[in-house]
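The values are calculated or read from the model by the stated rules, or taken from the named source; none is laboratory data. Here the structure is a predicted model, which is why all the values come from computation and not from measurement. Here the Cβ is made from the backbone with ideal geometry for all residues, glycine too, and neighbour counts use every protein chain on show. Accessible surface areas use protein heavy atoms only, side chains included; no ligands, DNA or RNA. Shrake-Rupley method; radii C 1.70, N 1.55, O 1.52, S 1.80 Å.
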Amino acid sequence: VAIFHALATAEYNKETGILILIMFVMLVVSFGLGFLLKPFLKGTYQKYLPFMVSVYEGGLMAYPLYTSLCGSENLSRIAVLDIAGLLFGFSVYMGQVENGEKIDVKKLFFSALKTPAFIASILGIIAGLSKVILAVLDSPFGGVYQSVENILTTSVTAIILLVVGYSMELNAKLLKPCIATIILRVLLQAVMIAGVLVAVHYLVGDDRLVNLAIISYMSAPATFSMQTFMKDEEGSAYVSTTNSMYCLVSILVYIIMAVTIY
């Protein structure tokens, strides 16, 4: 429901399509590079590295930090970027979260068709292009729609955060691979951010709000919902701890942007 609503109420135009394409290509590249970086992480957590250096936590991390800098009226700037993240995250990414060794295209395709979040992404884009939900929001039923949407999605945030916090384990054995993963993600994402900013500058145009949205979004940790798709308890602890620690990186980037702006 949350994914459908976000995409159904987003603004779509030529620039939107270019931004989504740029972000999607970047996600594919960063995910692929994650496999090449696996030798830098030793041990059983190595298979999770491609998932930890790609994809971003938009709703629970990047969105609130960005709106506090640029205002909620500019939320669409970062929501557009998240469209590519949603499509990639709930297809290729989640489709392979339990199989970090190789990608079975046929299996992945049919898995995506059975994934509610991926279906919601497709339906949300269709609804956004047709503007049917915007029409509903402007109708007498708009209040009812928003109330139901809030009831169904408000609890999701708390549940995901509970999973992240509960699975976090601060011990010496876990901290070493988590710190190594954070360093690898920071280095890779720094390169990816620079590449996306250059591509957007030449293909879309220079927009300060879009630039801040890109930096905020791509400085977020990997998606918190990854743990909910994992069956390996040890792996879930590693992912949760890494994501929780990476939030400090996101906050540091936020502070730097805030100081620069104000």
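Which condition number in (1) of a type outside the set (A, V, I, L, M); (2) within 29 Å of VAL148 (Cα to Cα); (3) surrounded by fewer than 19 Cβ atoms within 10 Å (Cβ to Cβ) is the one that GLY58 fails?
Every condition holds for GLY58 apart from (3).
Kindly evaluate LEU49 against the criterion of being in contact with a Lys or Arg (Cβ under 7 Å, 6 or more places away or on another chain), modelled with pLDDT of 90 or more and more than 20 Å from VAL196 (Cα to Cα).
Answer is yes for this residue.
Condition check: open to solvent by 30 Å² or more (accessible area, probe 1.4 Å) and more than 17 Å from the chain's Cα centre (by Cα). Does ILE215 satisfy that?
No.
Can you list residue pairs whose Cβ atoms sit under 7 Å apart, with the first residue in region 7-22 being aromatic (Phe, Trp, Tyr) and the second being open to solvent by 30 Å² or more (accessible area, probe 1.4 Å) and in a helix (DSSP H, G or I)? Count only pairs 6 or more apart in sequence or on different chains.
Pairs found: TYR12/LEU129.
For region 203-227, enumerate the residues that are farther than 24 Å from ALA180 by Cβ, in contact (Cβ under 8 Å) with a residue 12 or more places away in the chain and part of a helix (DSSP H, G or I).
LEU203, LEU209, VAL210, ASN211, LEU212, ALA213, ILE214, SER216
Among the residues of region 67-76, are any modelled with pLDDT of 85 or more, open to solvent by less than 20 Å² (accessible area, probe 1.4 Å) and closer than 27 Å to ILE122 by Cβ?
Scanning region 67-76 turns up no residue that is modelled with pLDDT of 85 or more, open to solvent by less than 20 Å² (accessible area, probe 1.4 Å) and closer than 27 Å to ILE122 by Cβ.
Cβ-Cβ distance below 9 Å, separation of 6 or more or different chains: which pairs start in region 240-254 with a residue that is under 17 Å from LYS176 (Cβ atoms) and modelled with pLDDT of 90 or more and end on one that is open to solvent by 40 Å² or more (accessible area, probe 1.4 Å) and in a helix (DSSP H, G or I)?
THR242/ILE179; TYR246/VAL186
What's the number of the only condition in (1) assigned to a helix (DSSP H, G or I); (2) buried (at least 17 other Cβ atoms within 10 Å of the Cβ) that PRO39 fails to meet?
Here PRO39 clears every test but (2).
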